[in-house]
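Asker: Take this structure first; my questions come after.
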Amino acid sequence: MDYPPIHVPKVLGATYIHQNYVVQTSIDVLKIISCRRWQLAVHDQQDDRTIVQHACRMTSKLYTSQGSCDVAIKTVNLLIRIISQTKFSSEKDLIRHVAAEGSKIQAGDPSENIIGNIIFRVLKIIRDEWREISQANDTEAQISHTLKASIIEAVSEFKTEIEGCVDNIAALAPNYINENDVVLTIGRSRTVEALFKHAASKGIKFQVLVSECAPFYKGHEMAKNLAQAKINTTLITECQIGIVMPRVNKVVIGTHSIMANGGLKAVTGTNILSVLAKETNKPVIVCSSMYKLSPLFHSTPKHASFNKFATPSEILDYEDAELLSKVEVMAPIFDYVPPHLVYMILSNNGAQPVSYVYRLVKDFYHPDDVEQPTNS
């Protein structure tokens, strides 16, 4: 199966090799058809090669089996490597270098919030570690000697936190999934799936209605996995959401990102589901790890592209050639869900109301880092 075209940033001196053809980069962005069929050779640019290859893999995340946790961990690993190989005399030098290298990673897909979130979090960690060490040491030599090791240790702890996010959220299940509940969800979220399975493992009997999430049909996989875990599961279409909503107790969904105002960047169909839940007074509970929290707003100018678009062949068949010549078909991957439609966020830090998101953004990110052109 060929993947949709993806983008990788230009690297000086790079040669892209496809089968027996060699293409020298001469434009800022080179479109390639399939990440798997290309090899990247960068002469005397080992670090740039790693960064571009990482960006290439991250861009194809939505078309592979990789989850957001894998993307976050790989980004952290790459940033740890960058920090360990960087020589610096002050925290400003290190921040400037990490931000510049982070820009190369983010350039692979400017709309991939998770990569940017990880970069911003690591920059905040660098600032915090520098402040703590500078208060405890008198001389600049003492600070420089211990700073790098302290930063790497702190970033490694952040990585451990990411790895345990899903388990921590799933552990909250008994508090929010009750006996005989009828729960509605959409598509497939690994975090939501873990929450349901943990509730079932505690002996809680409940029913899950899974919207199939056309045209990608990730809900089919979700329903199959829940059924295999002996959970009472029913697969429904989007057209049936309004019909079943009155008998639902709550809506539990995952999300790709949480924006700075508490809004969601979630799979297509989530917005209409949340609107219907609001109209029938059903709480919408979002399961999300905190590394998905973005310091950007939906309307942030530097947020190059909020959405992604899939091939329209999922919606209209090529047999309808006469119709296709007369219409422009859009197949967005994400919806924006306004914060007033969300009741609560279940994260690895516990349960928080949407109004608390502003405080979390302030705690996790530094405004000077967000203003840097990492996402441009």
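Asker: Go through segment 257-290 and give me each residue that's among the hydroxyl-bearing types (Ser, Thr, Tyr), in contact with a strand residue (DSSP E or B) (Cβ under 8 Å, 6 or more places away or on another chain) and closer than 21 Å to Ile243 by Cα.
Answerer: Selection gives Thr268, Thr270, Ser274.
Asker: Working carefully through the options Gly203, Gly263, find the one that is assigned by TED's automatic domain parsing to the domain that holds His340 and either closer than 30 Å to Pro367 by Cα or touching a Cys at 6+ places or on another chain (Cβ under 6 Å) (or both).
Answerer: Values: Gly203 fails: either closer than 30 Å to Pro367 by Cα or touching a Cys at 6+ places or on another chain (Cβ under 6 Å) (or both).
It is Gly263.
Asker: Which residues, taken from segment 200-235, are touching a strand residue (DSSP E or B) at 6+ places or on another chain (Cβ under 6 Å), without any contact (Cβ under 8 Å) to a residue 24 or more places away in the chain and closer than 21 Å to Ser274 by Cβ?
Answerer: Passing the criteria: only Ala223.
Asker: List every residue pair whose Cβ atoms lie under 8 Å apart, where the two residues are 6 or more positions apart in sequence or sit on different chains, the first residue falls within segment 252-270 and is in contact (Cβ under 8 Å) with a residue 40 or more places away in the chain and on the phi > 0 side of the Ramachandran plot, and the second residue, located anywhere, is outside any loop (DSSP other than H, G, I, E, B) and surrounded by fewer than 24 Cβ atoms within 10 Å (Cβ to Cβ).
Answerer: Taking only residues 6 or more apart or on different chains, the pairs are Gly262/Pro339; Gly262/Val354; Gly262/Ser355; Gly262/Val357; Gly262/Tyr358; Gly269/Glu238; Gly269/Asp335.
Asker: Determine, yes or no, whether Val275 is hydrophobic (A, V, I, L, M, F, W, C) and under 15 Å from Asp335 (Cα atoms).
Answerer: Spelling it out, Val275 is indeed hydrophobic (A, V, I, L, M, F, W, C) and under 15 Å from Asp335 (Cα atoms).
Asker: Here's a follow-up. Please pick out the residue among Glu193, Glu238 that is among the acidic types (Asp, Glu) and either touching a strand residue (DSSP E or B) at 6+ places or on another chain (Cβ under 8 Å) or modelled with pLDDT under 95 (or both).
Answerer: Matching residue, one of Glu193, Glu238: Glu238.
Asker: Continuing with the same structure: In segment 280-313, which residue that is β-branched (Val, Ile, Thr) and surrounded by fewer than 18 Cβ atoms within 10 Å (Cβ to Cβ) is modelled with the lowest pLDDT? Walk me through how you get there before you give the answer.
Answerer: Taking segment 280-313 as the starting set, the residues that turn out to be β-branched (Val, Ile, Thr) are 280, 284-286, 300, 311.
Subset that is surrounded by fewer than 18 Cβ atoms within 10 Å (Cβ to Cβ): 280, 300, 311.
On the way: Thr280: 95, Thr300: 54, Thr311: 71.
Checked segment 280-313; the qualifying residue modelled with the lowest pLDDT is Thr300.
Asker: Scan segment 77-93 and tell me whether some residue there is touching a strand residue (DSSP E or B) at 6+ places or on another chain (Cβ under 8 Å), under 23 Å from Lys362 (Cβ atoms) and at pLDDT 85 or above.
Answerer: Within segment 77-93 (the criterion being touching a strand residue (DSSP E or B) at 6+ places or on another chain (Cβ under 8 Å), under 23 Å from Lys362 (Cβ atoms) and at pLDDT 85 or above), the answer is no, since none of the residues qualifies.
Asker: Quick check on segment 166-192: of everything there that is of a type in the set (D, E, K, R) and in contact with a Gly (Cβ under 7 Å, 6 or more places away or on another chain), which residue is surrounded by the fewest Cβ atoms within 10 Å (Cβ to Cβ)?
Answerer: So, considering only residues that are of a type in the set (D, E, K, R) and in contact with a Gly (Cβ under 7 Å, 6 or more places away or on another chain), the one surrounded by the fewest Cβ atoms within 10 Å (Cβ to Cβ) is Arg190.
Asker: Got at least one residue in segment 170-182 being assigned by TED's automatic domain parsing to the domain that holds Asn249, among the β-branched types (Val, Ile, Thr) and part of a helix (DSSP H, G or I)?
Answerer: No, that holds for no residue.
Asker: Is it the case that Ile105 is modelled with pLDDT under 90 and either part of a helix (DSSP H, G or I) or of a type outside the set (Lys, Arg) (or both)?
Answerer: It is true that Ile105 is modelled with pLDDT under 90 and either part of a helix (DSSP H, G or I) or of a type outside the set (Lys, Arg) (or both).
Okay, residues lined up against (1) modelled with pLDDT of 90 or more; (2) aromatic (Phe, Trp, Tyr); (3) part of a loop (DSSP other than H, G, I, E, B); (4) touching a Cys at 6+ places or on another chain (Cβ under 9 Å):
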residue	(1), (2), (3), (4)
Leu316	no, no, yes, no
Glu319	no, no, yes, no
Val327	no, no, yes, no
Tyr336	yes, yes, no, no
Leu346	yes, no, no, yes
Tyr356	yes, yes, no, no
Leu360	yes, no, no, no
Asp369	no, no, no, no
Thr374	no, no, no, no
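The values are calculated or read from the model by the stated rules, or taken from the named source; none is laboratory data. Bear in mind that the values here come from a model prediction, so they are computed numbers and not experimental data. With ideal geometry, Cβ positions are generated from the backbone for all residues, glycine too; neighbour counts draw on all protein chains shown.
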